[in-house]
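Participant: One structure follows; several queries about it will come next.
Values in this text are rule-based calculations from the coordinates and carry no lab data. Every value quoted in this text rests on a predicted model; they were computed, and no experiment measured them. Here the Cβ is made from the backbone with ideal geometry for all residues, glycine too, and neighbour counts use every protein chain on show.
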Amino acid sequence: MNEIELGSTDPVGARDGKDLVSGVPVLPLPAHTPRRADIDPVAAKRAERQVALMFASSIALLIAFTVAYIKVPNTSLVSIPVIGTVGTNHVLLGLTLGLALFLIGTGAIHWAKKLMPDVEVTQERHSLSSSAAERAEVVEIFNRGAAESGFGEHKLIRRTLLGALALLPIPLVVLLRDLGPMPNTRLRNTIWKKDVHLVTDATYQKIKASDIPIGGLINAVPENLLEIEESEGNLNQRGKASIILVRMDPAEILGQQGENWDYEGILAFSKICTHVGCPISLYQQRTHHLLCPCHQSTFDLANKGNVIFGPAARRMPQLAITVDAEGYLVARGDFKEPVGPSFWERG
Ligand code: FES
């Protein structure tokens, strides 16, 4: 790299008013004007303080980020126009970290523009253009390829191909719709409702409480699942509504997520791991532990479905159940907490 003499009027790539490669005359650059901070020590000091202020503000914001992370509870909500109701800590974390990064960036730019050496340089390079022979060869290869492909001859193919390529960006734009709306309701609710029968997930037969022995485990779904899938094509309802039923001696139940949510020792839990959503049914009858095969999270079904090992951060949601007049198991309502892995705004 060669430094251009201060005061030179040649643009980059030129010398003595001529292009370095072609020798063609080029328009001159305006004369170099020193910046205020280059000639005025007071202005330079002021710029230095401005840069330092931005970096110091960034430090304060990073401390505020840490405090917000520790102090603001997940349950605190704030209402923001257009966006809706969101967690206060998410807003604070986003604002503080975003502003801190912004100030580091603007501070660095301000520093470079006002205080770093203001010297114009040029890097001389060899000519980037190919030789005339190489260009002619490329043109010849291209023309031969075009002729051999028949692109010019087959108008129908050419036009339909161009039409397809022109429409190709449309799916990408349509996919933007998936960015909203906020998924609160869809992720929070399942199709379980009061008095919906529990049926086996293989034969869709109703399950009688008396048919489940102590130590038994059954995979179950709501009786209306197939009907909903057929009428609404809502295939993801199965993942959210799948449950496992286990039966244990009522005396071994240490706690439940609601009062008497079992039926004579039969407990219903979501089948979807609260870590990243693997389906689980590895049940240890003796300990009442439910083990996820994906990352070994372990839940204690005899004690509220609490996590006792592994990366899952939340207990396994329990479904309150009872029986109908004929002794078939029915739900007492939907889950009281979202099933599956954590998601934004789960709270
Ligand atoms: S998905 Fe169950 S432990 Fe990771």
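Participant: When the dipole is taken about the Cα centre of the chain, and only Lys, Arg (+1) and Asp, Glu (-1) are charged at their Cβ, what size is it in debye, to the nearest 20?
Facilitator: Roughly 680 debye for the chain.
Participant: Please give the helix 155-167 orientation as an angle from the longest Cα principal axis of the chain, in degrees from 0 to 90, rounded to the nearest 10.
Facilitator: 70
Participant: Continuing with the same structure: Would you mind checking which residues have amide H under 5 Å from residue 309's amide H? H placed 1.01 Å from N; only 5 or more apart, or other chain.
Facilitator: So residue 309 has HN proximity to 298.
Participant: Still on this structure, I have one more. On a 0 to 90° scale, report how tilted helix 132-149 is relative to the longest principal axis of the chain, with both axes built from alpha carbons and the result rounded to the nearest 10.
Facilitator: Helix 132-149 sits roughly 40 degrees off the main axis of the chain.
Participant: If we count other beta carbons within 10 Å of each Cβ, what is the order of 178, 211, fewest first? Mind dumping the intermediate values first?
Facilitator: Numbers: 178 6, 211 14.
Fewest-to-most ranking of 178, 211: 178, 211.
Participant: When Rg is the radius of gyration of the Cα atoms in region 132-178 and Rh is its Kirkwood radius, what does Rg/Rh come to?
Facilitator: Numbers: Rg = 16.7 Å, Rh = 13.3 Å.
Here the Rg-to-Rh quotient is 1.26.
Participant: Within region 117-163, which GluC sites (Glu not before Pro) sit in a loop by DSSP and count at most 11 neighbouring Cβ atoms inside 10 Å?
Facilitator: Sites meeting the loop and neighbour criteria: 124, 153.
Participant: Could you point to the residue in 275, 303, 316 farthest towards the positive end of region 209-347's charge dipole, with +1 and -1 charges on the Cβ of Lys/Arg and Asp/Glu respectively?
Facilitator: Toward the positive end, the furthest listed residue is 275.
Participant: Return one number: the angle in degrees, 0 to 90 and rounded to the nearest 10, between the long axis of the Cα atoms of helix 41-71 and the longest principal axis of the Cα atoms of the chain.
Facilitator: With rounding to tens, the tilt is 10 degrees.
Participant: Amide H to amide H under 5 Å from residue 20: which residues, 5+ apart in sequence or cross-chain, H placed 1.01 Å off N in plane?
Facilitator: 14, 15
Participant: Among 31, 189, 96, flag the residue with its Cα farthest along the positive direction of the charge dipole of the chain, charges on Cβ as +1 for Lys/Arg and -1 for Asp/Glu.
Facilitator: 96
Participant: Follow-up. Can you give the charge dipole size of region 34-122 about its Cα centre, rounded to the nearest 20 debye, using +1 on the beta carbon of Lys and Arg and -1 on the beta carbon of Asp and Glu?
Facilitator: On the way: 8 positive and 5 negative charges, 41 e Å.
The dipole of region 34-122 has a size of about 200 debye.
Participant: Can you list the lysines whose alpha carbon is less than 23 Å from that of residue 193, not counting same-chain residues fewer than 8 positions off?
Facilitator: Reachable lysines: 206, 208, 240, 271, 304, 336.
Participant: To two decimal places, what compactness ratio does the chain give when its Cα radius of gyration is scaled by 2.2 N^0.38 Å?
Facilitator: Working: Rg = 34.4 Å, N = 347, 2.2 N^0.38 = 20.3 Å.
Against the empirical 2.2 N^0.38 Å value, I get 1.69 for the chain.
Participant: For n ≥ 4 DSSP H runs only, could you compute -39500 (n - 2.57) per run for the chain, divide by its residues and tell me the 222 nm figure to the nearest 500? Could the numbers behind the result be given before it?
Facilitator: Working: 9 runs with 117 residues, N = 347.
When only DSSP H runs of four or more count, the value is -10500 deg cm²/dmol.
Participant: With viscosity set to 1.567 mPa s at 4 °C, what whole-number translational diffusion coefficient in µm²/s follows for region 145-287 from Stokes-Einstein and a Kirkwood radius over Cα pairs? The partial results should precede the final answer.
Facilitator: On the way: Rh = 19.6 Å.
It comes out at roughly 66 µm²/s.
Participant: If you place +1 on the Cβ of every Lys and Arg, -1 on the Cβ of every Asp and Glu, and leave all else neutral, what size is the dipole of region 187-331 about its Cα centre, to the nearest 20 Debye? It would help to have the intermediate numbers written out before the result.
Facilitator: On the way: 13 positive and 16 negative charges, 114 e Å.
My answer is approximately 540 debye.
Participant: Still on this structure, I have one more. Would you mind giving the three semi-axes, in whole Å and largest first, of the ellipsoid equivalent to region 75-188 according to its Cα gyration tensor? Walk me through the intermediate numbers first.
Facilitator: On the way: eigenvalues 494, 259, 14 Å².
Rounded to whole Å, the semi-axes are 50, 36, 8.
Participant: On to the next question. Which far-off residues, 5 or more places away or on another chain, put their amide H under 5 Å from the one on residue 198, with H placed in the peptide plane?
Facilitator: Those lying under 5 Å, H to H, from residue 198 are 207, 329, 330, 331.
Participant: What percent antiparallel are the DSSP beta bridges of region 187-331, to the nearest 5? The partial results should precede the final answer.
Facilitator: Values: 31 of 32 bridges.
Close to 95 percent.
Participant: To continue, here is another question. If I take every Cα pair under 8 Å that is 6 or more residues apart in the chain, average their sequence separation and divide by the length, what percent do I get for the relative contact order? Can you show the working numbers first?
Facilitator: Details: 521 pairs, mean separation 45.6, N = 347.
Relative contact order here is 13 percent.
Participant: Any aspartates and glutamates with Cα under 16 Å of the residue 113 Cα? List them, leaving off those in the same chain fewer than 8 positions away.
Facilitator: Within reach: 38, 40, 48.
Participant: Counting other beta carbons within 10 Å of each residue's own, what order do 263, 204 fall into, fewest first?
Facilitator: 204, 263
Participant: Which trypsin sites (Lys or Arg not before Pro) does region 283-347 hold that lie in a coil by DSSP with at most 10 other beta carbons within 10 Å? The partial results should precede the final answer.
Facilitator: Numbers: sites: 286, 304, 314, 315, 332, 336, 346; in loops: 286, 304, 314, 315, 332, 336, 346.
Listed in order of number, the matching sites are 286.
Participant: Give me the Debye-computed log₁₀ of I(q)/I(0) at q = 0.18, 0.24 Å⁻¹ for region 305-347, equal point scatterers on Cα only, no solvent, two decimals.
Facilitator: These q points yield log10 I(q)/I(0) values of -0.66, -0.88.
Participant: Can you find, among 147, 289, 73, the residue sitting farthest towards the positive end of the charge dipole of the chain, where Lys and Arg contribute +1 and Asp and Glu -1 at Cβ?
Facilitator: It is 73, whose Cα lies furthest towards the positive end.
Participant: Show me the trypsin sites (Lys or Arg not before Pro) within region 76-148 that DSSP assigns to loop and that have at most 12 other Cβ atoms within 10 Å of their Cβ. Intermediate values should be presented prior to the final figure.
Facilitator: On the way: sites: 113, 114, 125, 135, 144; in loops: 125.
Sparse-neighbourhood loop trypsin sites (Lys or Arg not before Pro): 125.
Participant: Hey, another quick one. Take the Cα atoms of region 1-150, find their three principal axes, and give me the spread along each one in whole Å, biggest first.
Facilitator: The principal-axis extents, from largest down, are 71, 63, 25 Å.
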